[in-house]
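> Here it is, the structure in full.
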Amino acid sequence: MEVEKLIHMANQIGDFFEAVPDEEEAKVEIAGHLKKFWNSIMIKSIVAHVQQQQGAGLHPQVIAAIQQHIQA
Amino acid sequence: MDDIKYTPSQPQVLKYDADKDYGTPKSDSSVMVTLNIDGVDVTVPEGTSIMHAAQLSGVTVPKLCATDSLEPFGSCRLCLVEIEGRRGYPASCTTPVAPGIKVKTQTPKLADVRRGVMELYISDHPLDCLTCAANGDCELQDMAGAVGLREVRYGYEGENHLGQAKDESNPYFTFDPSKCIVCSRCVRACEETQGTFALTIQGRGFESKVAAGNHNFLDSECVSCGACVQACPTATLMEKTVIDAGTPEHKVTTTCAYCGVGCSFDAEMKGEEVVRMTPSKAGGANHGHSCVKGRFAWGYATHADRITTPMIRKSIHDPWQKVDWDEAINYAASEIKRIQAQYGKEAVGGITSSRCTNEEVYVTQKLIRAVFGVNNVDTCARVCHSPTGYGLKQTLGESAGTQTFDSVMKSDVIFVMGANPTDGHPVFGSIMKRRLREGAKLIVADPRAIDLVENSPHVRADYHLNLRPGTNVALISAMSHVIVTEGLVKEEFVKARCEWESFVAWRDFVAKPENSPEALAKDLGLDPQKVREAARLFATGGNAAIYYGLGVTEHSQGSTAVMGIANLAMATGNIGREGVGVNPMRGQNNVQGSCDMGSMPHEYPGYRHVSDEATRALFETAWGVKLSADPGLRITNMLDLAAEGSFKAVYCVGEDIAQSDPDTQHVIHALENMECVIVQDLFLNETAKFAHVFFPGASFLEKNGTFTNAERRISPVRKVMTPKNGMEDWEITAKFSEALGYPMHYAHASDIMDEIAALTPTFHGVSFKKLDEMGSIQWPCNAEAPQGTPTMHVGEFVRGKGKFFITQYVPTTERVNTKFPLILTTGRILSQYNVGAQTRRTHNVVWHAEDRIEIHPHDAEDRGIQDGDWVDITSRAGQTVLRAKVTERVQPGVVYTTFHHPGSGANVITTDNSDWATNCPEYKVTAVQLTKVNQLSDWQKEYRTFSDTQVELSGMDPHTVVF
């Protein structure tokens, strides 16, 4: 799926959880949301984007959440 | 009733009969009073009228101006009684019961007076009973018989009201003043039941007459709800269908197929023909009231545009080929198999609709999960209330509204946010208006002045927070800030019922200075003082209830706003009892049900995640197949992948994504890219114009099933006529499944409900048998709540402790600039429904023949736009042209339109921006520019040509088919 759209969507999710005071908890929540609601096709695309393009365009916390809590 | 007569000393348990008219409303008092009526002791609640008590005990008192949906009026003088020891002949409708009184309803004197009254009425009434449309269904006729009227001594020659012209302006009913007895039932129904106050008694004495506005019904304020027609005791106000067809001979109680109120109706029939739909008094949601859609706009079911034969074609540029059911189903099945073999399992999916019954939705998602083998099923709630499902599950633990509709009658403060009940949910709107006329306070948060703000008689918003579109979360933060910093939190409730840590984090967040009304004033465009006052009222005004709609959910922060609303309710202790709560106003009749039934790609029925091992095992055992643990694609994801070329087939049941989903050009591109689009619908809807297989569907009058309304009320839909297409919709899906090698063994829709009940804990106690007994059931209904659950979260939240979430305001990326300086927001109107496929095929078009763009006089003047001008609306996504309506209802900088007509192209301009959690589209905020033009947009012209060609390819005539 067009990665630009996924980046926008993932950043929106990141924006919501950015308000969570505990950074570690925020990352778990971001990754949890992606795993709960995103189809594996979408998960694979965003993980590939993080691995191959250093997650360009994604907020740092979202990149960290994907790197630390999601296996493609 | 005989028991009462013969055992007068025994206290009687008096049962209500839904079909009986008790003359005056029921009293809710718990204090009981015993009196004696015609020699029989009767015990009733204090405040009951003598008439009502008599009817309860089985004694019928003659009456004309009284009916139990209205307050007593005491004008007809037919219901007079004698009370031992009291002077005169009091009217039994206006006289309350008193302990120990002895009432006589029949004496020679009373008979004499009543005959005299009837004699006067009949002396000024046309004696055309045999040819009158109310013959056999006329209370005047009944009363003439009951009092034994045998002659009219005055003759019929004197001055009278006979021969007056009929008002036939309303498309659905006539007003014949010559038959009017001026009982005022219609006037009172318009006031008390509907709350519109369109009717009045004009003139005095002999000159008195019922009048609708200055001219006629159609030009008046009348909203054609039918309450007056329902209340009329004669043929004065009469349905045109009854005038044409005669009186019905049987009736079947069913549920309306329009909005989320889910009104109960009696389909009054002659054989298999509907003569009229009347709101049923026993209806748990509507209590005998209705709106113009449910009451009158059902003619679409037999409209000439209905397609009743299955059709197939290879390409969307080919003519449709009419085939039999087997061929159509086998073709569709072979295409699904081919596509999955060629492109992979995940290349297919399906979309259910809130217009489908629970049973249809259940079998459709079962087909997709169990037979297609994927979780790619979604529903139109994606584009309306998906944030409600997410937000309320997170905070309260269940994806549903917390109250009954009647709960509003115990509210002291009503907070309406991004909802327009009098247009979108009119029957509930009437209940709400009644409570507001009784004195409840009203806060409206809406960029536009909806009717409740100041356009409803005797109702006025105490605060209209006309915020900038897209700033709901900022408003909730600002109100929460006031509640927290001014010490208005109900800490006892929070301590007992909620996760304290989550509360502390939320409290500390909203208390930050950047969340104050003053700091957010610029974003909101609101006077901070007004926000403070509204917040104080909400927190301290008594029972406070929040009603919200798509103006909350259809934003990039829709889910955040829903969670913010739940936070507000919990912080102020307004949840878990009557009169309070969080109430999502569901757009369509079965939004709640279609979500309950597992339409969302990540959830099985009952909101259980597909990755949950125990739930998956349960369904794998019941369905006998292996199921996927991978959350499926949402509608938007399916369309994106289709546009890219990897998603190839969709089974679309009752949904019209080409008209209702945002960014039409993207949707159309996606549809054109697919190899097999299967549409199941009544009409060749917009999506069907891009389809390869058309399964003709059955209307709600032609099938059995259930709908679940906004208050979680499961109500039966009953078949009153043979499906014109030959099958109920669940049967089509089941046959499709069989053709794919997975037979579904159901003999009746009730078997499907039995399976749902067996597999879904909140539905364990639901069955068609129980629905027949109870009329309707509010889920959860199971061993713990065998009679259902009117109010949720009493004592404890479904998730245990309520959880507060931090709701940071994040402005939408859809921003105004010099190129697109106005914000377009969208809404709906009373007479039309959703994409209009149904209502555009009824006489309702007389009230709303086209969608218009509302613009403030300042913005109009700047652009040289006058009322009625053609206006081009251009956004980042596209452009369309609509006629302007210049009005101060919208604030400067904001424009507004409805989306009921496909030719309007409202969704050509909406963008693909969506809610962060659910991808619910941001329909409510689109940056646009408006310019005066003198013709339709290129898109509109091209689309009209395309549409006409498609109609021709289906064998119909584009000149006669409704566009």
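> Quick one: B:Glu731 ticks every box in (1) out of contact with any strand residue (DSSP E or B) (no Cβ under 8 Å at 6 or more places or on another chain); (2) touching a residue at least 60 places away in the same chain (Cβ under 8 Å) bar one, so which box is it?
Unmet condition: (2).
> Something else about it: What pairs come out if I take residues in the range B:945-963 that are without any contact (Cβ under 8 Å) to a residue 12 or more places away in the chain and pair them with residues that are aliphatic (A, V, I, L, M) whose C-beta lies under 7 Å away, six or more apart or interchain?
B:Pro958/B:Val951
> Same structure, new question: Report yes if B:Tyr300 is under 30 Å from B:Ser737 (Cα atoms), in contact with a helix residue (DSSP H, G or I) (Cβ under 7 Å, 6 or more places away or on another chain) and among the hydroxyl-bearing types (Ser, Thr, Tyr), otherwise no. Don't jump to the end; show me each part of the working.
Details: under 30 Å from B:Ser737 (Cα atoms): yes; in contact with a helix residue (DSSP H, G or I) (Cβ under 7 Å, 6 or more places away or on another chain): yes; among the hydroxyl-bearing types (Ser, Thr, Tyr): yes.
Against the criterion (under 30 Å from B:Ser737 (Cα atoms), in contact with a helix residue (DSSP H, G or I) (Cβ under 7 Å, 6 or more places away or on another chain) and among the hydroxyl-bearing types (Ser, Thr, Tyr)), B:Tyr300 qualifies.
> Would you point out the residue of the range B:274-301, among those that are hydroxyl-bearing (Ser, Thr, Tyr) and in contact with a strand residue (DSSP E or B) (Cβ under 8 Å, 6 or more places away or on another chain), that is nearest to B:Val408 (Cα to Cα)?
Among them, the one singled out is B:Ser290.
> While we're looking at this one, here's another question. Kindly indicate whether A:Lys27 is open to solvent by 40 Å² or more (accessible area, probe 1.4 Å) and assigned to a helix (DSSP H, G or I).
On the way: open to solvent by 40 Å² or more (accessible area, probe 1.4 Å): no; assigned to a helix (DSSP H, G or I): yes.
Considered against the rule, which asks whether it is open to solvent by 40 Å² or more (accessible area, probe 1.4 Å) and assigned to a helix (DSSP H, G or I), A:Lys27 comes out as no.
> Okay, next question. I'd like the full set of residues that are within 25 Å of B:Glu491 (Cβ to Cβ), in a loop (DSSP other than H, G, I, E, B), touching a strand residue (DSSP E or B) at 6+ places or on another chain (Cβ under 9 Å) and away from chain A (no Cβ under 14 Å), limited to the range B:798-839.
Residue satisfying the conditions is B:Lys801 alone.
> (1) open to solvent by less than 60 Å² (accessible area, probe 1.4 Å); (2) under 46 Å from the mean Cα position of the chain (by Cα): which one isn't true of B:Val152, the others all being true?
The number of the failed condition is (2).
> Turning to a different aspect of this structure: What about B:Glu492, is it outside any loop (DSSP other than H, G, I, E, B), in contact (Cβ under 8 Å) with a residue 12 or more places away in the chain, of a type in the set (Asp, Glu) and surrounded by fewer than 22 Cβ atoms within 10 Å (Cβ to Cβ)?
yes
> Continuing with this model, one more query. Confirm whether B:Val890 is buried (at least 19 other Cβ atoms within 10 Å of the Cβ), within 22 Å of B:Ala445 (Cβ to Cβ) and away from chain A (no Cβ under 14 Å). Show your work before the answer.
Values: buried (at least 19 other Cβ atoms within 10 Å of the Cβ): yes; within 22 Å of B:Ala445 (Cβ to Cβ): yes; away from chain A (no Cβ under 14 Å): yes.
Against the criterion (buried (at least 19 other Cβ atoms within 10 Å of the Cβ), within 22 Å of B:Ala445 (Cβ to Cβ) and away from chain A (no Cβ under 14 Å)), B:Val890 qualifies.
> Looking at (1) open to solvent by less than 10 Å² (accessible area, probe 1.4 Å); (2) touching a His at 6+ places or on another chain (Cβ under 7 Å); (3) away from every other protein chain (no Cβ under 14 Å); (4) closer than 19 Å to B:Ser556 by Cα, find the lone condition where B:Asp915 falls short.
(3)
> Related question: For residues that are touching a helix residue (DSSP H, G or I) at 6+ places or on another chain (Cβ under 8 Å) and within 14 Å of chain A (Cβ to nearest Cβ), tally how many sit in the range B:591-602.
2
> Does the range B:636-646 contain at least one residue that is in contact (Cβ under 8 Å) with a residue 60 or more places away in the chain, in contact with a strand residue (DSSP E or B) (Cβ under 8 Å, 6 or more places away or on another chain) and farther than 18 Å from B:Lys314 by Cα?
yes
> Please go through the range B:687-732 and pick out each residue that is acidic (Asp, Glu) and in a loop (DSSP other than H, G, I, E, B).
Result: B:Glu711, B:Glu728.
> If you take just the helices (runs of 4 or more DSSP H) that sit entirely in the range B:522-580, which of them hold at least 3 residues that are within 14 Å of another protein chain (Cβ to nearest Cβ) and not small (Gly, Ala, Ser)? Full working, then the answer.
On the way: elements: B:528-540, B:550-553, B:558-571.
Here the list reads B:558-571.
> Sticking with this structure for a sec: Can you tell me which residue in the range B:642-651 is farthest from B:Ile678 (Cα to Cα), limited to those that are assigned to a helix (DSSP H, G or I) and at the interface with chain A (Cβ under 9 Å from one of its Cβ atoms)? Full working, then the answer.
Start the filter on the range B:642-651 by keeping residues that are assigned to a helix (DSSP H, G or I), which leaves B:642-644.
Within this subset, residues satisfying the condition of being at the interface with chain A (Cβ under 9 Å from one of its Cβ atoms) are B:643-644.
Working: B:Ala643: 17, B:Glu644: 20 Å.
Looking at the filtered set, the residue picked out is B:Glu644.
> For the range B:922-962, how many residues meet the condition of being outside any strand (DSSP E or B) and open to solvent by 60 Å² or more (accessible area, probe 1.4 Å)?
Adding up the residues that qualify gives 14.
> All but one of (1) over 21 Å from B:His848 (Cβ atoms); (2) surrounded by fewer than 23 Cβ atoms within 10 Å (Cβ to Cβ) hold for B:Gly868, so report the exception by its number.
(1)
> Another question about this same structure. Could you tell me which of the residues B:Arg437, B:Arg448 is within 23 Å of the chain's Cα centre (by Cα), basic (Lys, Arg) and surrounded by fewer than 19 Cβ atoms within 10 Å (Cβ to Cβ)?
B:Arg437
> Okay, next question. Working only within the range B:273-306, note down all residues that are surrounded by fewer than 19 Cβ atoms within 10 Å (Cβ to Cβ) and among the small types (Gly, Ala, Ser).
Correct list: B:Ala282, B:Gly299, B:Ala304.
> When the range A:1-31 is examined, which residues are found to be in contact with an Asp or Glu (Cβ under 8 Å, 6 or more places away or on another chain), more than 18 Å from B:Ser556 (Cβ to Cβ) and facing another protein chain (nearest Cβ under 7 Å)?
A:Met1, A:Glu2, A:Val20
> If a residue must be within 14 Å of chain B (Cβ to nearest Cβ) and either open to solvent by less than 20 Å² (accessible area, probe 1.4 Å) or in a helix (DSSP H, G or I) (or both), how many such residues does the range A:32-57 contain?
Residues flagged as within 14 Å of chain B (Cβ to nearest Cβ) and either open to solvent by less than 20 Å² (accessible area, probe 1.4 Å) or in a helix (DSSP H, G or I) (or both) within the range A:32-57 amount to 15.
> Could you run through the range B:214-273 and say how many residues are outside any loop (DSSP other than H, G, I, E, B) and among the polar types (S, T, N, Q)? If you could, list the steps in order and put the result at the bottom.
Of the range B:214-273, the ones outside any loop (DSSP other than H, G, I, E, B) are B:227-231, B:237-245, B:250-255, B:259, B:264-270, B:273.
Filter once more, so that each one left must be among the polar types (S, T, N, Q): B:230, B:241, B:253-255, B:264.
Going through the range B:214-273 one residue at a time, the tally reaches 6.
> Would you check which residues across the range B:613-641 are surrounded by 14 or more Cβ atoms within 10 Å (Cβ to Cβ), within 14 Å of chain A (Cβ to nearest Cβ) and assigned to a loop (DSSP other than H, G, I, E, B) and list them?
B:Ser628, B:Asp630, B:Pro631, B:Gly632, B:Leu633, B:Arg634
> Would you check if there is a residue in the range B:451-458 being in contact with a helix residue (DSSP H, G or I) (Cβ under 7 Å, 6 or more places away or on another chain), on the phi > 0 side of the Ramachandran plot and open to solvent by 20 Å² or more (accessible area, probe 1.4 Å)?
yes
The values are calculated or read from the model by the stated rules, or taken from the named source; none is laboratory data. Small disclaimer: the values here were computed from a predicted structure and weren't measured. Methodologically, a virtual Cβ is constructed for each residue, glycine included, from the backbone with ideal geometry; neighbour enumeration extends over all protein chains shown. Quick note on the areas: whole protein, heavy atoms, side chains included, nothing else; ligands and nucleic acids left out. Shrake-Rupley method; radii C 1.70, N 1.55, O 1.52, S 1.80 Å.
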